[in-house]
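J.: Before we start, here is the structure in question, set down as structure tokens.
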Amino acid sequence: MADIRSHHHQQHQRSMSVRERDHQVMHHHPRDHQQLRGGNRRGLDRGGGYHPSGASLAPDTDSWWYKVKEFTRKLIAFLFGHVGICGLVVGYIIMGAFAFMAIESEDQKRQYADVERVREATIQNLWNITHELNVLYPNEWNESVSIEVQLFQQKIVQFVMEGYDGKNYVNQSLVASRSQITDGSGEPTPGDAATTTGAWSFSASFLYCLTVITTIGYGNIAPRTVMGKMVTIVYAMVGMPLFLLYVSNMGDFLATCFRWGYVNLCKCTCFSRPVHHHAQRGSRRRISQRSAPANTARPDLTSVQQQQQYDPVVSIHHRRIPGGPSDFDDVELHPVGGGGPYDVVSVHHHQQAAAAAGPAQPDYQTATVPITISLTVMVSYMVGGAVLFQQWETDWDYLDGSYFCFISLSTTGFGDLVPGDKINSSSGIELSLIFCSMYLIIGMALIAMCFNLMQEEVIAKVRKLGQSLGCIKPGEE
Amino acid sequence: MALDRKRSVRDRGSVRSRGSSSASSSDPREKLKDCCRQFVAFMFTQVGVGALVVSYAIMGAFAFMAIEGESENSENNDHVAHLRSSCLSRLWNVTDHLNVLEERKWKLDVRQVLLDHQQAMALAIKGGYDGRTNQERWTFPSALMFSLSVFTMIGFGHLVPRTQWGKIATMLYAVFGIPVYVLYFMNMGQVLASCFKWFYCKLVRCVNSAGAVDELSDDMDEESYSGLVIVPSTACLWVWLTYLAVGTIMFAEWENWEYLDACYFCVTSLCKIGMGDFVPGANLQASSNQTKLIINFVYLLVGMGIIAMCYNLMKEEILVRLQELKADLIERLQDVSGRMRR
């Protein structure tokens, strides 16, 4: 028994489910103080090794201590799994927001100063024109002034192309009073700079960081400093995988919840119509296994090996999604052994499939939600967002709202329409940006969930189509 | 660990291999036919998908040129002209009003006028005014670039539809275009990954005549190549970095950008972020850089393929590492909590 166990550990150390490993680990601690000997568990020799006898494997399940540790372990796994990822992503974005605020606001102030300088120069020129003409002939004056204003206009176009946002936060009355006190030179005093937050306020930076790691990339504000660009590159490199992890994680979690809700709803309301299940979830390459589910339930294998074999098959996290919003590959990003509930379910499913060709009762892990429902969820989220944004933004109509939602959620992100981007927005601009960010974060997870739910049927349909067209031999990939 | 991975790989192994191996053992002619059929399907798939993507982009370019380029030059230019004339008339009023021209007061009023004009102008520019007409803006290469940025989900944003129909067309174009692109992405990734692995095999065999056979293997087309060779992630990273460097140098030289700017552009475009502050060939002054837009198009498409390739080659390794990391972390957490309890 000990031999099998040690062999098993060496073989399956890394690919065992977390639950199994922690099970073994937990057996350690209650017995540490008993000074166990023996066991050659690789990598787990901490303070004692472990009792090779079979009796020690069964933990003292009734002890309160065990229950607490079990709960703690599950909590940690859950936290690490879901809430942890969310928190990590949000924390990463917040950190990035602060960094970009610090990096870009100096440059922003400089840009404002530049614009103001250009304006003052224009004013000076206009004054010179006006002053020189002793008698004011409208035509002449208009001509010269018009040329001057044209030049000013072109410079403004240039500035806006470079990222100037048109805002001028310098207090107007301050300017007026200042020009009365001084001789109207109008140079910005140091006191003015302190009142300007500029385009890189906290919520704008937050949205910017979010658009970088989700690859939306609006571009309505973009870094202009050297440091800003380098930080953007590094930030994107690290943040994008993190966000993909979040999306896949949340997508799977939400899909599971949705399936559970759907199955229960179907059970309650339409129990006459059975919920459609698929026998197993296999990858495109394992289509042969699909037709012979009994094959895979080889009872002669040990339980761990069976689970090992089942892991790719039964895994809730599907194979290569054709893209999704971020071109991720779910099965690779979400390890099969990830967390308590999934392992329980996978073992349960394995037993069910071993018992019969198809599960006797609806198992919510294998229920197939029809495509129409997933599409409805996606579309309604977009429409809901469109309505909300149309209410919030004064000059958006419903088309603009839905266009914005669609373009953002598909991670295209042109940046022509961004909430809170108007110059004369009221103080609700901060709230608007934060709301937009939340909408995007949740929206991505929802889209991932929908793709998760849809992909089974879509792939089956595409395969059928391919077979009917003769491109794919039946039984082939 | 190696053993069970092999078993899982075998279990998940490509059915094609099973099929072909069983067929080949029985009938060589059957094997030949199978091979031919596979080759035809392969070519049809890869070439077909590539052609589909390009033709979809071209079709979209024409459609958007028709929708957006032909639309009236519209309010923006008129609006800006109107702004300018109102600014002028205000200035005149200010000047005319003061019988005696006192500099300070005059400047104060003029400053206010200019400030308003500036903000209105900035608003108009954000609304799409840049001194060009719609025909000038929506040339064929620009429209091509726009179509590309829609269905690859890059979304530069330097050129956007302003009409209602344009926006609706964009959404429809994206809905149909994104699956096509995803198909291309997956296909391109597989093809390039296979090519790269083959190339790497040859290289390794040249260098190391015994041939490097590794325990771990990628579950991809292993039946075609003797020996299981895993392409290390560093090789993929080198390929990507090289491609990035090529793009950086190319764009920096052509567009007279700084090297950092060109690198920033390459990274943000290839990662599909697409800020749009730097787009080759899209600046106002250079209207003759149309061919550069086409080169940009090709660069981005091929770049996406290379990313897909790196992704394919690296994902399994990353998965295993992530699993290990996570298990390790949980183990350490348990360990620490256990130690604290003692």
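The values are calculated or read from the model by the stated rules, or taken from the named source; none is laboratory data. Remember, it's a predicted structure, so these values are computed and weren't measured experimentally. Cβ atoms come from the backbone with ideal geometry, glycine included; neighbour counts cover every protein chain shown. Please note that ligands, DNA and RNA were not included when accessible areas were found on the heavy atoms of the full protein model with its side chains. Shrake-Rupley method; radii C 1.70, N 1.55, O 1.52, S 1.80 Å.
J.: Which one of the conditions (1) more than 14 Å from every other protein chain (Cβ to nearest Cβ); (2) surrounded by 20 or more Cβ atoms within 10 Å (Cβ to Cβ) does B:Glu136 fail to meet, given that it meets all the rest?
T.: (2)
J.: Yes or no: the range B:145-161 includes at least one residue that is under 29 Å from A:Lys155 (Cβ atoms) and of a type in the set (Val, Ile, Thr). Show your work before the answer.
T.: Going residue by residue through the range B:145-161, those that are under 29 Å from A:Lys155 (Cβ atoms) are B:145-146, B:149, B:155-161.
With of a type in the set (Val, Ile, Thr) added as a condition, the list becomes B:160.
Yes.
J.: Return yes or no: is A:Gly96 free of Cβ contacts under 8 Å to residues at least 12 places away in the same chain, open to solvent by less than 70 Å² (accessible area, probe 1.4 Å) and out of contact with any Ser or Thr (no Cβ under 7 Å at 6 or more places or on another chain)?
T.: no
J.: Output the qualifying pairs, or none if there are none: Cβ atoms under 7 angstrom, residues six or more apart or on different chains, first residue in the range B:312-332 and more than 9 Å from chain A (Cβ to nearest Cβ) and closer than 23 Å to B:Ser194 by Cα, second residue of a type in the set (Ser, Thr, Tyr) and assigned to a helix (DSSP H, G or I).
T.: Cβ pairs passing all conditions: B:Met314/B:Ser233; B:Glu317/B:Ser233.
J.: Quick one: would you say A:Ala77 is of a type in the set (Gly, Ala, Ser), modelled with pLDDT of 80 or more and either in a helix (DSSP H, G or I) or open to solvent by 70 Å² or more (accessible area, probe 1.4 Å) (or both)?
T.: Taking the combined requirement at face value, the residue does not satisfy it.
J.: What number of residues within the range A:220-242 satisfy the criterion of being open to solvent by 20 Å² or more (accessible area, probe 1.4 Å), in contact (Cβ under 8 Å) with a residue 24 or more places away in the chain, under 27 Å from B:Cys310 (Cα atoms) and facing chain B (nearest Cβ under 10 Å)?
T.: 1
J.: Within the range A:439-448, is even one residue at pLDDT 80 or above, surrounded by fewer than 18 Cβ atoms within 10 Å (Cβ to Cβ) and either in contact with a Phe, Trp or Tyr (Cβ under 7 Å, 6 or more places away or on another chain) or within 13 Å of chain B (Cβ to nearest Cβ) (or both)?
T.: no
J.: Exactly one condition in (1) more than 10 Å from every other protein chain (Cβ to nearest Cβ); (2) aliphatic (A, V, I, L, M); (3) open to solvent by less than 10 Å² (accessible area, probe 1.4 Å) is not met by B:Ile154; state its number.
T.: So the condition that B:Ile154 fails would be (1).
J.: Looking at (1) closer than 20 Å to B:Arg84 by Cα; (2) among the aromatic types (Phe, Trp, Tyr); (3) open to solvent by 70 Å² or more (accessible area, probe 1.4 Å), find the lone condition where A:Phe152 falls short.
T.: Checking A:Phe152 against (1) closer than 20 Å to B:Arg84 by Cα; (2) among the aromatic types (Phe, Trp, Tyr); (3) open to solvent by 70 Å² or more (accessible area, probe 1.4 Å), the one that fails is (3).
J.: Within the range B:252-276, track down each residue that is buried (at least 24 other Cβ atoms within 10 Å of the Cβ), on the phi < 0 side of the Ramachandran plot and facing chain A (nearest Cβ under 7 Å).
T.: Answer for the range B:252-276, where residues must be buried (at least 24 other Cβ atoms within 10 Å of the Cβ), on the phi < 0 side of the Ramachandran plot and facing chain A (nearest Cβ under 7 Å): B:Tyr264, B:Thr268, B:Ile273, B:Met275.
J.: Determine the pairs where a residue that is farther than 12 Å from B:Ala120 by Cβ and within 13 Å of chain A (Cβ to nearest Cβ), located within the range B:68-95, has a partner that is part of a loop (DSSP other than H, G, I, E, B) and modelled with pLDDT of 75 or more with Cβ atoms under 6 Å apart, the partner being 6 or more residues away or on another chain.
T.: What qualifies is B:Glu68/B:Trp138; B:Glu68/B:Pro161.
J.: Can you tell me which residue within the range A:243-253, out of those that are surrounded by 20 or more Cβ atoms within 10 Å (Cβ to Cβ) and of a type in the set (A, V, I, L, M), is nearest to the other protein chains (Cβ to nearest Cβ)?
T.: Per the stated criteria, the residue is A:Leu244.
J.: Restricting to the range A:125-140, and then to whatever is part of a helix (DSSP H, G or I) and within 8 Å of chain B (Cβ to nearest Cβ), can you tell me which residue is most open to solvent (accessible area, probe 1.4 Å)?
T.: Filtering the range A:125-140 for residues that are part of a helix (DSSP H, G or I) and within 8 Å of chain B (Cβ to nearest Cβ), the one most open to solvent (accessible area, probe 1.4 Å) comes out as A:His131.
J.: Answer yes or no as to whether B:Leu52 is surrounded by fewer than 16 Cβ atoms within 10 Å (Cβ to Cβ) and either of a type outside the set (A, V, I, L, M, F, W, C) or at pLDDT 80 or above (or both).
T.: For B:Leu52, the condition - surrounded by fewer than 16 Cβ atoms within 10 Å (Cβ to Cβ) and either of a type outside the set (A, V, I, L, M, F, W, C) or at pLDDT 80 or above (or both) - is met.
Table: residues versus (1) over 29 Å from B:Asn312 (Cβ atoms); (2) under 16 Å from the mean Cα position of the chain (by Cα); (3) of a type in the set (Gly, Ala, Ser).
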site	(1), (2), (3)
B:Val150	no, yes, no
B:Gly155	no, yes, yes
B:Pro161	yes, no, no
B:Lys167	yes, no, no
B:Leu183	no, yes, no
B:Asn187	no, yes, no
B:Gln190	no, no, no
B:Trp198	no, no, no
B:Lys202	no, no, no
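J.: Select from the range A:216-243 the residues that are of a type in the set (S, T, N, Q) and either modelled with pLDDT under 90 or touching a Leu at 6+ places or on another chain (Cβ under 8 Å) (or both) and list them in ascending order.
T.: Of everything in the range A:216-243, those that are of a type in the set (S, T, N, Q) and either modelled with pLDDT under 90 or touching a Leu at 6+ places or on another chain (Cβ under 8 Å) (or both) turn out to be A:Asn220, A:Thr225.
J.: Of all residues being facing chain A (nearest Cβ under 8 Å), open to solvent by less than 20 Å² (accessible area, probe 1.4 Å) and hydrophobic (A, V, I, L, M, F, W, C) in the range B:157-182, which is farthest from B:Val47 (Cα to Cα)? Just the residue, please.
T.: B:Val160
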